[in-house]
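The values are calculated or read from the model by the stated rules, or taken from the named source; none is laboratory data. If you're wondering where the values come from, they're calculated on a predicted model, not measured in any experiment. FYI the Cβ positions are ideal-geometry reconstructions off the backbone, even for glycines, and counts take in every protein chain you see.
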Amino acid sequence: MTTSPLERAAESFAAELARHRTGRGLSKKQLATMMGFDPSYVSHVEGRRHRPTEDFARRAEAALDASGAIWQRFREYDQLRQARAAPVHRELPPPGQWLPPGTGLVVERETATLTHTDDGYRCLVRRQLHNVGAEPVTRHLVRVAVDRWPDDPGRSNRHHREHPLTFAELRLRAYRDDGGRREPMHWRAKHDRDAYKEIWLLFENADGLFPLHPGERAEIEYAYHVGREKWGPWFQRAVRLPTRHLAVRLDLPTALDPRVWGVETSLSADEGPLRTPVRRHDRGDRAVFDWSIDDPPLNSRYRLQWRFRSEPADADRALAAARAGDRLRALGVLPRDADLLRRPARTFDLPREAAAARDVVDRLTALLTRVDELHPFSAGMGLAAPQVGIDAAAAVVRPADRTAAPVVLLNPRVVDASPDTEEQYEGCLSFADHRGLVPRPLRVDVEHARWDGSRIITSFAYGMARLVAHEVDHLQGRLYTDRMAPGVPLVPVEEYRETGP
């Protein structure tokens, strides 16, 4: 049976569509979702039961990024269809970036900058928005996500359950540029999860509303902070709105000797390297890495990752040149003669004060991370709230095993201890320049509180027993020197050649 040229052109279009769809590893349903069509319609076009339309061809070309092949097949089909209907030739304009049905906002330009600071990371995002819809826009959704160990989901999930991201620590600020005037934007939480937040930025503030009307453009910016203990070595941008230009900048200390690379994924492609290079520019003591892309596909994700190739302690030359005690005092750790270290800490009223307790634990965890960079303790370490000037019965202990989650102690007390003891040298962040020979039980049972106020008893042995007992002493107003035998002197750290906790 012979077919007409028009039928053969429709078959060529359907074959080209199927070839690019399967080449991207997409099902008909996935492609239909990207194009805004019912899945049955895509199936009918591929099966030659429906003829292609201009709208369908434009969306398919844009969604599959077919380098013009799908559009060319449609032009051939359309020219034959027009020749059959009328002798007038119609030249179709090439397809631009397709916008999904119901699109309200288009991001004409986004610039996202992540800066490594002394206490974590600061993210600043600027977006130039264009309302191409038919209704005023009164809010804009943004997302903040953290992942301490992106290559170890189980460990990261456990960590963020114990140390969830909080709105208080984000210190989120948002503004709209109104003709050179920065207009503050109110915001409202949409989703509050341990490792991510979804937030509505509102086109309003205490002075009134300033919606983005159809056809109008505006530039907004928002900024937030995240402690280093919650932010892993990665920065990701996801394209959730049609975007014309996306630029990412990492601002890192040159002293850490950073190495940066990137990967990208989309609905139609597995993870692979960025198609354009990341450029480095050194500016004084900062290494600035820039990357950008034009017209990124919807639902694509771009992740920049880094590794610091030098010891973190090299990052701060002024602190590195100082003695350990000076470095720690610069971070806010109280010295051993501080009055607060000699008073029992105030207990938390849980669960009523759960939010305050989490804030204290977050601060302790963040400071332990910083301390570990400047003054690592190979046998583990701990930090009690009074050591940083907080009158609260909370402590965090980091085990020697770096893969183990930190231990959080709230309102703890030792309820039992092994009669067998052992003398070992101990260190203390409030005695950073000295070590002391301290006897401790080989096992301690500690009763402590959960966030909801319930209490549990946990048994700790050997090295962890020593670390935990040390921190419980701090919360009771005791120092390790109180447990040393009379007449035994402290040892300056320069003379100490053992590895102590």
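When the residues of the range 409-457 are filtered to those that are among the aliphatic types (A, V, I, L, M) and outside any strand (DSSP E or B), the one that is nearest to the chain's Cα centre (by Cα) is LEU429. Can LEU250 be described as in contact (Cβ under 8 Å) with a residue 24 or more places away in the chain, touching a Leu at 6+ places or on another chain (Cβ under 9 Å) and either closer than 27 Å to GLU108 by Cβ or not assigned by TED's automatic domain parsing to the domain that holds LYS29 (or both)? Criteria met by LEU250.
Can you name the residue in the range 125-145 that is of a type in the set (A, V, I, L, M) and closer than 20 Å to PRO242 by Cα and is also modelled with the lowest pLDDT among such residues?
ALA134
Say whether the condition of being assigned by TED's automatic domain parsing to the domain that holds ARG237 and closer than 30 Å to LEU368 by Cβ is met by at least one residue in the range 183-191. Within the range 183-191 (the criterion being assigned by TED's automatic domain parsing to the domain that holds ARG237 and closer than 30 Å to LEU368 by Cβ), the answer is yes, since at least one residue qualifies.
For the range 190-215, the set of residues classified as free of Cβ contacts under 8 Å to residues at least 60 places away in the same chain and within 21 Å of GLY104 (Cα to Cα) consists of LYS190, GLU198, ILE199, PHE210, listed by residue number.
Looking only at the range 250-283, which residues are among the charged types (D, E, K, R) and either crowded, with 18+ Cβ neighbours inside 10 Å or part of a strand (DSSP E or B) (or both)? The answer is ASP251, ARG259, GLU264, ASP270, GLU271, ARG279, ARG280, ASP282, ARG283.
Within the range 60-86, if we keep just the residues that are under 48 Å from the mean Cα position of the chain (by Cα) and not in a helix (DSSP H, G or I), the residue that is modelled with the lowest pLDDT turns out to be SER67.
Scanning for something in contact with a His (Cβ under 6 Å, 6 or more places away or on another chain), modelled with pLDDT of 90 or more and outside any loop (DSSP other than H, G, I, E, B), does the range 284-292 turn up at least one residue?
Yes, the range 284-292 contains a residue that is in contact with a His (Cβ under 6 Å, 6 or more places away or on another chain), modelled with pLDDT of 90 or more and outside any loop (DSSP other than H, G, I, E, B).
Looking across the range 458-501, the residues that are assigned to a helix (DSSP H, G or I) and at pLDDT below 90 come down to TYR462, GLY463. Taken together, ALA32, ALA10 contain a single residue that is touching a residue at least 12 places away in the same chain (Cβ under 8 Å) and in contact with a helix residue (DSSP H, G or I) (Cβ under 9 Å, 6 or more places away or on another chain), which is ALA10.
Counted as qualifying within the range 139-223 are the strands (runs of 3 or more DSSP E) with 3 or more residues that are surrounded by 17 or more Cβ atoms within 10 Å (Cβ to Cβ), namely 139-145, 173-178, 196-202.
Go through ALA238, ALA255, ALA218 for me and flag whichever is more than 25 Å from ARG173 (Cα to Cα), out of contact with any His (no Cβ under 8 Å at 6 or more places or on another chain) and in contact (Cβ under 8 Å) with a residue 60 or more places away in the chain.
Sole residue among the options that is more than 25 Å from ARG173 (Cα to Cα), out of contact with any His (no Cβ under 8 Å at 6 or more places or on another chain) and in contact (Cβ under 8 Å) with a residue 60 or more places away in the chain: ALA255.
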